[in-house]
1. Is one or more of the residues making up the range 119-138 assigned to a helix (DSSP H, G or I), closer than 16 Å to Leu97 by Cα and open to solvent by less than 60 Å² (accessible area, probe 1.4 Å)?
2. I'd like to know if the range 184-191 contains one or more residues that are surrounded by fewer than 18 Cβ atoms within 10 Å (Cβ to Cβ), in contact (Cβ under 8 Å) with a residue 60 or more places away in the chain and of a type in the set (D, E, K, R).
3. Identify, please: which residue in the range 119-148 is touching a helix residue (DSSP H, G or I) at 6+ places or on another chain (Cβ under 7 Å) and without any contact (Cβ under 8 Å) to a residue 40 or more places away in the chain and is, among those, farthest from Asp168 (Cα to Cα)?
4. Of all residues being open to solvent by less than 10 Å² (accessible area, probe 1.4 Å) and not aliphatic (A, V, I, L, M) in the range 143-167, which is farthest from Asp179 (Cα to Cα)? Just the residue, please.
5. Here are some conditions: (1) assigned to a helix (DSSP H, G or I); (2) open to solvent by 40 Å² or more (accessible area, probe 1.4 Å); (3) within 30 Å of Ala128 (Cβ to Cβ). Val65 meets all but one. Which one does it not meet?
6. Among the residues of the range 83-116, write down those that are hydrophobic (A, V, I, L, M, F, W, C), under 15 Å from the mean Cα position of the chain (by Cα), assigned to a helix (DSSP H, G or I) and modelled with pLDDT under 85.
Amino acid sequence: MHGLINRSIQCFIRDAYGVSAWQDVVRHADLPVSEFEAMLHYDDVLTEKILMGCAKALSRDVEDVLEDLGTHLVSHPTTEPLRRLLRFGGFDFVDFLHSLDELPDRARLAVADLEMPMLSVRDCGGGAYTLQIRGAIPGFGAVFVGILRAMADDYGALAVIERRALGDRFDALDVRLLDAGFADGRSFDLARGA
């Protein structure tokens, strides 16, 4: 697993729950290290141990932890570069949804050896969309639930997002856009980094 994944989980736990919570994760997961380097590679089993340690330390399901991780990746001030990468996907939430097919390629522009799941968006009409996710990480669809909910808020859209786990590494997210202009979105300016 790319170290960026493990490092993202580590930073999420520290940012959201504090250093002591991360120490609890390390202890519960019996991790050989307590810090992860973003540009190294780690055995996939280690990432699974981290997630199980998170679930145990926080007394939550792994899927809930992953969904919160997805929200954190878009909404926390320390992850602003990822939010900016995602906002390049379109002027509004619908444009953003249609751009998700291209996200793995855009991510590889930033981190060449990062394995991203394959994404496929289908417009079902009437404000309904399906995002299919075929990924290297079991449960990666839960991360995308958090990302999509946070991005809907970022754009000011009101959307309902539901996950259907279709297999160990295959998820589908059903997105129902109720109101594209429900609220004022967060500001975003390509030129100034806002």
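1. Of the range 119-138, the ones assigned to a helix (DSSP H, G or I) are none.
No, the range 119-138 contains no residue that is assigned to a helix (DSSP H, G or I), closer than 16 Å to Leu97 by Cα and open to solvent by less than 60 Å² (accessible area, probe 1.4 Å).
2. There is no residue in the range 184-191 that is surrounded by fewer than 18 Cβ atoms within 10 Å (Cβ to Cβ), in contact (Cβ under 8 Å) with a residue 60 or more places away in the chain and of a type in the set (D, E, K, R).
3. Out of the qualifying residues, it is Val121.
4. Phe144
5. So the condition that Val65 fails would be (2).
6. Just the residues of the range 83-116 that are hydrophobic (A, V, I, L, M, F, W, C), to begin with: 85-86, 88, 91, 93-94, 96-97, 100, 103, 107, 109-112, 114, 116.
Restricting the remaining residues to those that are under 15 Å from the mean Cα position of the chain (by Cα) gives 85-86, 96-97, 100, 103, 107, 114, 116.
Keeping just the survivors that are assigned to a helix (DSSP H, G or I) gives 85-86, 96-97, 100, 103, 107.
Scanning the range 83-116 gives Leu85, Ala107.
The values are calculated or read from the model by the stated rules, or taken from the named source; none is laboratory data. Note that this is a predicted model, so its numbers are computed, not measured. Counting neighbours? That spans all protein chains shown, and the Cβs are built from the backbone with ideal geometry, glycine included. Each accessible area value is taken on the protein alone, full model and side chains, heavy atoms only, with ligands, DNA and RNA left out. Shrake-Rupley method; radii C 1.70, N 1.55, O 1.52, S 1.80 Å.
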